[in-house]
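Notes follow once the structure below has been shown.
The values are calculated or read from the model by the stated rules, or taken from the named source; none is laboratory data. Since the model is a prediction, treat every value here as computed from it, not as a measurement. Positions of Cβ are generated from backbone atoms using ideal geometry, with glycine treated the same way; all protein chains shown enter the neighbour counts. In case anyone asks, the SASA skips ligands and DNA or RNA and just uses the protein heavy atoms, side chains included. Shrake-Rupley method; radii C 1.70, N 1.55, O 1.52, S 1.80 Å.
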Amino acid sequence: MARALINVPAKAKRGDVIEIKTLISHTMETGFRPDSSGKLMPRDIITDFVCKYNGEEIFRAELFPAIAANPFIVFSTIATESGSLTFEWTGDNGFAASGSANITVE
Amino acid sequence: MMPKGDMPQATRRRFLIDTAALAGAAGVGFALATSPASATPASMRAAIRRVIGEAAVNKGRIKIDLPPLIENGNAVPLTLTCESPMTADNHVKAIHVFTEKNPQPNVISIRLGPRAGRATVSTRMRLADSQKVVAIAQMSDGSFWSDELEVVVTLAACLEGVL
């Protein structure tokens, strides 16, 4: 399983806008690069990223080969209630990874 | 008999003309050789139409943040910022990014909503050449807003082989 780094503040005040940073290890092979024998290497990228806050989708991104290796995505949300944020990455060749982070809202 | 001075001048003129012709041919050859692997402005326009349909696109309300001079196109920090209050009835629904000369025009398609609080998203992208990057934001009222930026890339991404 791919290594994912997720940065969510552990605590926030209700109504605050919090910044969420995610990074996942993945080559994001574009499908446009030749290997040492000159043949194009097949595409192998992460195509979708979804973030849910207590089960409700708050952010989604569709990625293309023009996203750099080890996709790094920073976005924000409003701290509404304590609970968990879940993150899912899916991609070519059945790639799937997930992660989660807890937040306490006061 | 020709004066002595004429001959070198004629040769120089001939040389200049030939060089210009050669350079022109080389330029065309170069363009032909590199074009198959890259999206063109036309294909970028087509990709934009595929994503947003026939809607009119206005300038403004979104800003692309990229370094103007990029040494390494393999991982370029990209920040997209939209001016929007991000309320339930006035927010950014989606942001799409396109490039002119990458092998494929699409870069990323982002969906967000009023729960984002702030319409700012960052990521890292690849750039295959010095080119124009276009971002389009779709607002909750159905309008589209865009920004474009010319960037200069010295080391390109995507096209190099594996060493």
Portion, in percent, of the accessible area of region A:61-106 that falls on carbon or sulfur, probe 1.4 Å: 46
Filtered hits (lysines, Cα-Cα < 25 Å from B:LYS63, offset >= 8 within chain) -> A:LYS21, B:LYS93, B:LYS101, B:LYS132
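I'd like to check one number: the per residue accessible area of chain A, probe 1.4 Å, reported in Å² as a whole number.
48
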So the A/B interface buries, both sides summed and with a 1.4 Å probe, an accessible area in Å² (nearest 100) of 2700
Inter-label distance for A:SER98 and A:GLU57, nm, one decimal - labels placed 7 Å from Cα along Cα-to-Cβ: 1.5
With springs only between Cα atoms under 10 Å, which of A:THR90, A:THR77, A:THR22 fluctuates most in a Gaussian network model of chain A? A:THR77
Modelled label-to-label distance, B:LYS63 and B:ARG45, 7 Å Cα→beta-carbon offset: nm? 2.9
Is there a simple number for the mean count of other chain Cβ atoms within 10 Å of the Cβ of residues in A:48-58, and what is it? 2
For region B:121-130, 3J(HN,Hα) per residue [Karplus equation, 6.51 cos²θ - 1.76 cosθ + 1.60, θ = phi - 60°, Hz, x = Gly/Pro]: 9, 10, 7, 10, 10, 9, 10, 8, 6, 5
Of A:ARG14, A:ARG33, A:ARG60, the most mobile residue in a GNM of chain A (C-alpha springs, cutoff 10 Å) is A:ARG33
